[in-house]
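Every number in this text was worked out from the coordinates using simple rules, so none of it is lab data. Predicted model, so just to flag it, every value in this text is computed and none were measured. Backbone-built Cβ (ideal geometry, glycine too); neighbour counts: all protein chains shown.
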Amino acid sequence: MGDEKLRSILIVDDDIGTRESLKMTLSKDYRIFLASNAEEAFLQIKEHSPEIVLLDVILPDLDSLIMLQRIKQNNPDIIVIMITAKETVEMVVEAMKAGAYDYVIKPLDIGELRLMITRSISKKALEQEGKYRLEGMEKNSDFGNIIIRKSRAMKEIFQMVKKIADLKSPVLIMGENKTENELLARAIHGNSQRANFPFVVVNSSTIPTELLIIELFGHERGAFTGAEKRKIGSFELAHQGTLFLDTIDELSLPAQAKLLRFLVEKDFNRMGGSESIKVDVRLITATDKDLNQLVKMGSFRKDLYYRINIVPIITPPLRERKEDIPLLVDHIISKFNVENNKNVRGINQEALELLMRYEWPGNYRELESVIEHVIALTSNDYIQANELPLSLKNIPQNKGLKESVFNGKVSFSKAVEEFEREMVLDALKKTNYIQSHAAELLGISRRILKYKMDKLGIIDHPLKD
């Protein structure tokens, strides 16, 4: 049932030919509803809650921009794609400000429309996951709840984000966890004065080099062979909002030059155009590469690096903040309990220890995948160690720790922390998790024991296999 809802489309157009043609074309893949005017459309939305609305610019009974605004006010999760027979830049910009996802021009290119629909659904799925993980992203929410975290490193990042949210300065997010990089960018935008304006995402690694400049800055009709209509670029669409340029290390040198000029001059020309266009955009970029090294190699411009690196934020990988793992696991279990109608109550201590020892090269995505797999198959109240993948179960405790310390691969403080964790766990197991007895065995107070358990990510209750 949920899948059917996600795949429903409402077509709003007073031209019966357009309605029926689109219905015939799209009905194989989506549930289709039709409306010839705004009144019919609102009734269809109330009854069927479509995932996507294809909205014609000209309606017989209501201005389409007013209708768009009402749709987004009452149903903010609905994706609205505008249909127009005549491209009007002013209308497109106003529609984007009001919350439209994109627009298509008649006569419709069905291939382009299908791709746009697919991308919009994928984008919404990512945003919904982000909302699930980032409870309280709205401007007036508790900022501390934006990403589930316990580690000192993440707390420091959020203190930084609070300070810079309302600045105009460019932000460079550096870290191998691409999911969290985008979520941080959304958090900055969502807690800034730009929160009510567009947040536009461009991933450099997914767009061919020759098309990236067009994607960012747009082009005029006739700018090149096949350019039959004007294209509004991402910077223009992000006016008064935020542009998140992910994987900036993938930018070609010509694209870097164009971006640098915009950052210096604060204006640009569409490809094939002479009009100087000024926009007010907060730029946030992200990379999982060492840009300093790329500068030395000559593949990234030094002057651009200085321009985008005004406010640097480094997101630590999961292996460097393992104290977050217990909280993340609890959150993931809750999430997939709801999605799979399961009632897994938690994870036992042995299984959690295995998760804490693993290095998580795939970061949060890998952890989430492991937990989702176990929840889908388990019939136990608590996740068991024998239910985890072999790659996690085959890691000997403290494998090569001493050698790693002397080879400089693990800091001395990290080695001490691991040793301390072993001692605490051993005392808890010997005393059946009675904390007062474990503290006595260790020769410390119960308060100190509880502090160490929290610091080391040890859950504070015994779980039965």
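Working out 0.36 nm times the residue gap between Leu62 and Ala153, then minus their Cα-Cα distance, what length gain in nm do you get to one decimal? Don't skip to the end; give the middle numbers.
Working: separation 91, 0.36 × 91 = 32.76 nm, distance 5.17 nm.
27.6 nm is the gain from fully extending Leu62 to Ala153.
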#### Entry: Proxy reagent accessibility, fewest Cβ within 10 Å first, across Thr431, Thr225
Thr225, Thr431
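Going by how many other Cβ atoms sit within 10 Å of their own, how do Asp324, Asp288 line up, fewest first?
Numbers: Asp324 22, Asp288 16.
Ordered from fewest to most neighbouring Cβ atoms within 10 Å, Asp324, Asp288 come out as Asp288, Asp324.
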#### Entry: Convex hull volume per residue in cubic angstrom - Cα atoms of the range 2-127
99 Å³
### Task
Calculate the spin-label point distance for Arg114 paired with Asn75, positioning each point 7 Å from the Cα along the beta-carbon direction, and give it in nanometres.
2.5 nm
### Query
Taking Cα centroids, how far is the range 250-281 from the range 60-76 in Å?
33 Å
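Counting each pair of different Cα atoms once, what's the Kirkwood radius of the range 249-389 in Å, rounded to one decimal? Walk me through the numbers on the way to the answer.
Numbers: mean 1/r = 0.0528 Å⁻¹.
Hydrodynamic radius (Kirkwood, Cα only) of the range 249-389 equals 19.0 Å.
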### Message
Set the bar at 26 Å for Cα to Cα. Now go through Lys266/Lys302; Lys162/Lys455; Lys393/Lys455; Lys258/Lys302; Lys46/Lys229 and name every pair that lies beyond it.
### Response
Lys46/Lys229
### Query
Fewest first, what order do Ile347, Ile313 take by the number of other Cβ atoms within 10 Å?
Ile313, Ile347
### Task
Could you check what % of the DSSP bridge pairs in the range 143-316 are antiparallel, to the nearest 5?
15 percent
### Task
Give me the distance in nm between label points sitting 7 Å out from Cα along the Cα-to-Cβ direction at Glu339 and Phe419, one decimal.
4.2 nm
### Query
Quick one: Cα centre-to-centre distance for the range 312-356 and the range 233-247, in angstrom?
33 Å
#### Entry: P(r) histogram, all alpha-carbon pairs of the range 143-316 included - 5 Å bins from 0, percent
2, 8, 17, 21, 20, 15, 9, 5, 2, 1, 0
### Query
Using a simple spin-label model with points 7 Å from Cα along the Cα→Cβ vector, what separation in nm is obtained for His48 and Asp290?
5.6 nm
